[in-house]
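Down below is the structure, laid out as structure tokens.
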Amino acid sequence: MGGSDAFLMLPPETACGSEATEIVWSADGTNLVVRRQTTEGGTSEIAQAFGVSPPPGMIVRPMRKVELVVWTVASRTVRTVFSIPTGSGTLNNLSALSGSDSVVFDTFARIPATGDAPERLVFGVSLLSTKTGAIARLAETVAVAESDFGQPVYVLAKNRPLGAVLRPVPSGEGFQARFFGPSGLLGNWLPKTLPEALVFDAAGKPGYPVTVKVGGKPTARFQRIDPATGNPGSVVDFSPVDPPPVASTGNSQTSAPSETEEPLLSVQAFFAPTAKPAPDAPSILLHVRGGKPDETGVVTTDGARPLLSPKLDAVAYVYQGVAMVRPLVRVPRSAFEKARDDALRQVAVNNAKQAALAALMYAADNDDVFPANGGDVQGRLYPYLKSRDILNGFSYTFRGGNMTEIENPATTELGYVSGPGGRAVAYTDGHVKWVPDTP
């Protein structure tokens with residue numbers, strides 16, 4: 001709970017198993033993308049497939065693969081969209097393209113030598129549409145194993161669906177750039193080589209840092225460029241590349257607060273300093289803006305890599321190699337407190353009712369005499385109840401005596417259970433009434 005908001009945490013769901021090593025939400029919050037490793041083709045699999053055991057002395061090495069899988073929030077289904085044996089390549093650096101369902105990632109493949117052709121290394125940048133599962137190649141460089149030719153990289157705007165792939169020119173002096181959006185590449189490689197690596201400023205405009213003289217003093221500025229032509233634009237004051245995020249997870253969000261505003265919702269990994277032995281994985285805590293320390297929620301006591309959904313409707317994390325998602329339901333704090341208090345009042349009423357019925361049954365078995373006040377009332381009533389917990393919080397106030405001698409059983413108090421803003425009062429005739437506290 002926070003100052004004005006509360007989040008209900010629903011039971012966690014399994015998004016993807018088998019050695020999940022990297023997770024990222026699509027910026028529109030519709031899908032969770034997981035990088036995982038799988039192992040196939042062990043001895044038992046071969047024996048099952050062929051009905052025989054491997055020959056003596058045969059070494060069976062399981063095949064390990066790196067996969068990219070997508071877990072869809074709406075359907076709660078998972079599908080594999082990319083797979084490559086770990087011996088021949090890998091993928092890394094998953095990043096969400098702002099304002100879209102797309103995710104960008106790096107790839108690396110090793111092409112074995114054939115004939116006179118040497119072994120080659122293929123570096124690439126690809127764009128995944130989490131909605132369709134389609135993967136578009138944005139950039140690629142090929143080099144021999146001994147080459148130091150740089151691999152392509154990508155940069156993303158923080159608050160608009162725009163990115164750029166960069167690759168160093170063979171001379172090593174500058175970079176070539178090409179822009180892309182959710183639908184893929186937006187044009188050809190820019191005709192002009194950039195002297196510095198391209199970045200996006202806080203306004204989502206591309207350019208690169210430059211140093212100019214202002215009043216005779218070198219001053220840092222930002223040289224904007226036209227995404228369509230690569231031609232230089234205006235030189236402006238450099239604004240921060242990374243605007244303050246809404247959540248402390250690094251995910252793109254729907255809006256950014258001011259620099260002094262606390263995130264509405266944040267997650268953090270927490271190692272208890274007194275835990276002995278030290279845990280292998282931390283607890284993941286959920287904090288709502290304005291919440292007190294004792295109002296922090298525990299997502300899990302054994303997790304890693306926590307990520308909030310951009311819609312703030314789920315927390316994703318990795319639990320012992322399994323990608324998990326815990327759905328969240330946002331409600332006004334006042335509505336949550338009212339529902340909680342209503343529920344607690346109902347519990348108090350039910351417990352008071354059960355205690356009153358137990359007292360009536362006790363009296364029926366003891367010549368119509370209620371237990372005396374000050375004695376072991378709970379011990380006498382417990383045999384008539386399913387659980388001793390029902391008597392927790394029950395205050396027996398009746399002085400004791402024969403029930404037939406009570407002049408007005410409907411108004412004679414037997415006892416009560418306190419609750420939010422009042423108490424559930426049980427009467428000697430067995431009925432219970434909620435009595436609010438006096439202002």
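The values are calculated or read from the model by the stated rules, or taken from the named source; none is laboratory data. Remember, predicted model here, so these are calculated numbers, not experimental data. A quick note on method: Cβ atoms are made from the backbone with ideal geometry, for glycine too, and the neighbour counts reach across all protein chains shown.
For the list (1) touching a Phe, Trp or Tyr at 6+ places or on another chain (Cβ under 6 Å); (2) within 26 Å of G290 (Cα to Cα), I need the number of the one condition that V377 fails.
(2)
Anything in the stretch 169-197 that is over 17 Å from V104 (Cα atoms) and in contact with a Gly (Cβ under 7 Å, 6 or more places away or on another chain)? List them, or say none.
The answer is L190, P191, K192, T193, L194, P195.
Would the stretch 195-206 turn up any residue that is basic (K, R), surrounded by 15 or more Cβ atoms within 10 Å (Cβ to Cβ) and at pLDDT 85 or above?
yes
Every residue in the stretch 69-87 that is over 18 Å from the mean Cα position of the chain (by Cα) and either surrounded by 14 or more Cβ atoms within 10 Å (Cβ to Cβ) or in a strand (DSSP E or B) (or both), please.
Hits for the stretch 69-87 are R79, T80, V81, F82, S83, I84, P85.
Being within 9 Å of the chain's Cα centre (by Cα) and farther than 16 Å from L94 by Cα is the filter; apply it to the stretch 300-337 and report the residue that is surrounded by the most Cβ atoms within 10 Å (Cβ to Cβ).
V315
Strands (runs of 3 or more DSSP E) wholly in the stretch 328-439 with at least 1 residues that are within 30 Å of L8 (Cβ to Cβ) and at pLDDT 95 or above - which ones?
413-419, 422-427, 432-436
Return the pairs, sorted by first residue and then second, in which the second residue is loosely packed, with under 11 Cβ neighbours inside 10 Å and modelled with pLDDT under 75, the first residue lies in the stretch 223-245 and is farther than 10 Å from K205 by Cβ, the beta carbons are less than 6 Å apart, and the residues are 6+ apart or on different chains.
From residues that are farther than 10 Å from K205 by Cβ, the pairs are P244/E259.
Name the single residue that is farthest from G99 (Cα to Cα) among those in the stretch 143-167 being at pLDDT below 85 and in a strand (DSSP E or B).
V144
For the stretch 124-132, indicate whether the set of residues that are crowded, with 16+ Cβ neighbours inside 10 Å, touching a residue at least 12 places away in the same chain (Cβ under 8 Å) and farther than 22 Å from W25 by Cβ is non-empty.
yes
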